[in-house]
Each structure stands twice: as structure tokens, then as C-alpha cells.
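Okay, structure first, notes after.
Read-outs: derived from the displayed coordinates by stated rules, not from any lab. As the structure is a prediction and not an experimental result, all values here were calculated from the model. When we count neighbours, we look across all protein chains shown, and the Cβ atoms used for this are built from the backbone with ideal geometry, even at glycine.
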Amino acid sequence: MDAAAAPQKPRKKRPPPKSARVERIERVTPGLMRITFGGPELLAFGPPKPAGHIKLFFPPDGMVWPSADPEAARPPSRTYTPRRYDAARGLLEVEFVLHGEGLASNWATNARIGDLMTIGGPGGGYTAPADADSFVIVADDSAMPAAGMVLESLPAGASVTVICEVTDKLEEHPLSPAVPCQTQWLHRNPANAVPCALLEKAVRDLGPQPAGTCWWIACESGAMRRIRDHVFAYPDIDRSRVHTRGYWKSGSSNHPDHDYGLD
Ligand SMILES: Cc1cc2nc3c(=O)[nH]c(=O)nc-3n(C[C@H](O)[C@H](O)[C@H](O)COP(=O)(O)OP(=O)(O)OC[C@H]3O[C@@H](n4cnc5c(N)ncnc54)[C@H](O)[C@@H]3O)c2cc1C
């Protein structure tokens, strides 16, 4: 069938992107910037689901965005986690890992109060199975904001094992101020260490978990696949309870937001 005769896929209907401005900037750790966006359009933003995602748009100088034309080209964007949303005040917190050169990382490093941002979404999100009471959360620093949302969504009294990989001791910070948890911290220094190799080892060391345990695993894409393959090899593992997501890919810019490791 030629392209002209191919059936048209229905265009995905997205909520219109919202204009916002930077209201607050906090340096949480040397490598993590928490930026709060606000503005009247954010009153109609959410609510985001746990570990859902948003798009931040970075129009080049001179590009008019958002555009009234729905067919207009979109500017470069990056995927982030809507870590905290205050619907009453239209405030949205986003936590940026300052990983070095990158459109979003550079923007966050240089952000100033009053800077403008256009935000798309929210979309996606994780819902724990209703009967689950045992969880393992595995995250690198880019996935810690989402892991914090997941933690806050779990049933009270659930057994939760949390393993996080960060650069070094200075990057340790609670996943959630509201829900305390014991976290196994892994430090990837020296800085050129293979990303998330320590997460892989920690999961291997942890070994199989009781039947019914839910796994939430999000980190660098290649490492996520290696961890997934390891966990999938456990006897009697229920794959539907293993949620995996690649948040970025070593050596690759603007990793897609739908890398659920299904290949
Ligand atoms: C659903 C989802 C939610 C996410 N939420 C967050 C979040 O809340 N906070 C957050 O900080 N990130 C989050 N990320 C990851 C973020 O989208 C990527 O890190 C993104 O690549 C950053 O864009 P950039 O413009 O700074 O770098 P890019 O231009 O995309 O990449 C430039 C270079 O930096 C490398 N790189 C990218 N990210 C990292 C990293 N984290 N560590 C080391 N090297 C990196 C790339 O491999 C590339 O070589 C999320 C990703 C997804 C899919």
C-alpha cells in the first residue's frame, strides 16, 4: 500500500501547552535544582498521576511559541516529572538533575525568577495493583522525583525496599519529606563510572522477592534493560508487576518518553 492510500492514524489529542513562569528556585543538592513554575494557566494543569510526565519546550530565539496553528512545528522539548502540583495556587515543582551539557540541564543551571516556560501534559503515570503490599523501587537520580511520587502513592503499611544511585554522598536527599523510607544509597563516583552499574549489582545482590512483590525500576535505558532481564529470570516472577522505564540513554540526546523496556 502506498503512503497516500494508507489509512490515516487519528492524531493524538493533547491538551494545549501551558505558559508558566519561574516562581522559585532551590538548589536541593549540588547536582539538583528544584524549580517551581506558576501562572494562571497552571490552575488547569493536572492533576498528574504518580510518575507521570510533562514536556518542557525550549523554543529557539525568534520562534513564536505556543502557536495558534495546531499544525505548527514544535520546538525542541525534554521530558520531566511533575514532582509536586498545588492545584489551588497553580504551582508545579520540577526537579532537574544538573548532569552537564544538555538543553534542559543548561536551562535549569541558568534559570532566573521570572523566566518563561511552556509546559505540555501531564501524561502517563504508574498505578500500583490494588492488592499489592510489597514493593521494590530502583531509581537513579533522574528518576528520583518520580520514585518519590510512587512512594507517596503506595498503601500505608506496605513493605518498601528503595535503592537509589546518585553521584556521591552530597546528592543524597529524601525521596519524600512526607513518607520516610529506608534508602540504600549507591555512589557512582568516579564520575565516569558506567551509569547505573551499581543499581544492577544491588538488584542482583537483593535477589528474588516474595510472590506478589511489585518492582518499579527507572534509570538509564541500557541499565534498565539489564536489570529487567535479571528480574525477569527469577522463578515465578509475575512480569505484569515489573514496571520498567528508561529515563535517559547514555550518549543520546532527548531520549523518548515512552521507553518502557518492552523490547
Ligand atoms: C518519564 C520521564 C521523566 C523524567 N523525569 C525527570 C526528572 O524529573 N528530572 C530529571 O532530571 N530528569 C528526568 N528525566 C530524564 C530527562 O528527560 C533526561 O535526562 C533528558 O535527557 C535531559 O535533557 P537535557 O537536554 O539536559 O540533555 P540531552 O540533550 O537529552 O542529553 C545530552 C547528553 O546528556 C546525557 N544525559 C541526559 N540525561 C542525563 C542524566 N540524567 N545523567 C547523565 N547524563 C545524561 C545524554 O546521554 C546526552 O549525552 C525524565 C525522563 C523521562 C522519560
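Tabulated data
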read-out	value
Exceeding the 28 Å Cα-Cα cut-off - candidates Lys49/Lys249; Lys18/Lys49; Lys49/Lys169; Lys169/Lys201	Lys49/Lys169
Linear extension gain, Arg204 paired with Phe232, 0.36 nm per residue minus alpha-carbon span	8.9 nm
Residue range of the chain that is longest and free of GluC sites (Glu not before Pro) which are both DSSP loop and sparsely packed (at most 12 other C-beta within 10 Å)	102-263
Assigned charges on the beta-carbon of Lys, Arg, Asp, Glu; the chain dipole about Cα centre (debye)	480 debye
Tail fraction, Cα-Cα pairs, the chain, threshold 31 Å, whole percent	28 percent
Separation of the Arg112 and Val194 label points, Cα + 7 Å toward Cβ, nm	4.4 nm
Magnitude of the charge dipole, the range 18-123, Cβ model with Lys/Arg +1 and Asp/Glu -1, debye to 20	320 debye
Antiparallel %, DSSP beta bridges [both residues in the chain], to 5	55 percent
Extension gain from Cys181 to Leu262, taking 0.36 nm per residue of separation minus the Cα-Cα distance	26.2 nm
Two-decimal Rg/Rh across the range 134-248, once Rg and the Kirkwood Rh are taken from alpha-carbon atoms	0.94
